[in-house]
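The values are calculated or read from the model by the stated rules, or taken from the named source; none is laboratory data. Keep in mind that what you see is a predicted model, and the values were worked out from it rather than measured. Don't worry about glycine lacking a Cβ; one is built from the backbone with ideal geometry, like all the others, and counts go over all protein chains shown. Areas reflect the complete protein model, heavy atoms only, side chains present, ligands, DNA and RNA absent. Shrake-Rupley method; radii C 1.70, N 1.55, O 1.52, S 1.80 Å.
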Amino acid sequence: MRYTATARLLHWGTALAMLAIGILGLWLAWAAPRDEVFKLLLYNLHESLGMTVFLATLVRLGWRWRHPPPPIHPPLPRWMRRAAAANHAALYALLLAMPLVGLMATNAWGFPLTAFGLIPVPSPVGPDQALAPLLSRLHVWMALALGLLLLAHIGAALWHALVRRDDTLRRMGP
């Protein structure tokens, strides 16, 4: 059995969006362009994609609640099921929390967010020069944690396909 087409679309769409967000985040953190207009465009794209992932994650959770994952063949030992569940729970938690912390950091630095330059996003906090760096650091630490969880997720999927040779990867494949 495979995941539904909707679940696969949400999974791979989120993966592509997270790749773009990560590239933009690294670019802005380590090699931000000097052109202020272009830099603000990159920030807007990073933040807008983050908000999109937040919404997509809510949809994913709702979809998963109504459409449970198909069983894995052969079945996994209990410790593997628990490790996978813990990794997925942490991934979902960060996919929800990171965009909110990023939005609050943006607002605390004094910048409102207009998603993709079109949709105003309410500001949960106002400008706060003391809070802004704390939220920014938290966002970075969350990004590092998310990166490690994603490496574990991808590594486990490859291990299932190449070593264990079960249908874990095929269930989410195209």
I need the trypsin sites (Lys or Arg not before Pro) found in region 90-174, filtered to DSSP loop residues with at most 14 other beta carbons within 10 Å of theirs.
R165
Please give the Cα centre distance for region 126-158 versus region 1-45, rounded to the nearest Å.
14 Å
With the contact rule set at Cα under 8 Å and sequence spacing of 6 or more, what percent relative contact order holds for the chain?
26 percent
The chain - accessible surface per residue (Å², probe 1.4 Å):
62 Å²
Rounded percent of accessible protein surface that carbon and sulfur make up, region 5-163, 1.4 Å probe
76 percent
In what sequence, largest accessible area first, do F54, F38 appear using a 1.4 Å probe?
F38, F54
If I model a spin label as a point 7 Å beyond the Cα along the Cα-Cβ vector, how far apart are those points for L169 and H67 in nm?
2.3 nm
Two pseudo-spin positions, 7 Å from Cα along C-beta at A161 and at R78, lie apart in nanometres by 3.1 nm
Taking r as the C-beta separation of A90 and A32 and R0 as 35 Å, the FRET efficiency to the nearest 0.05 is 0.75
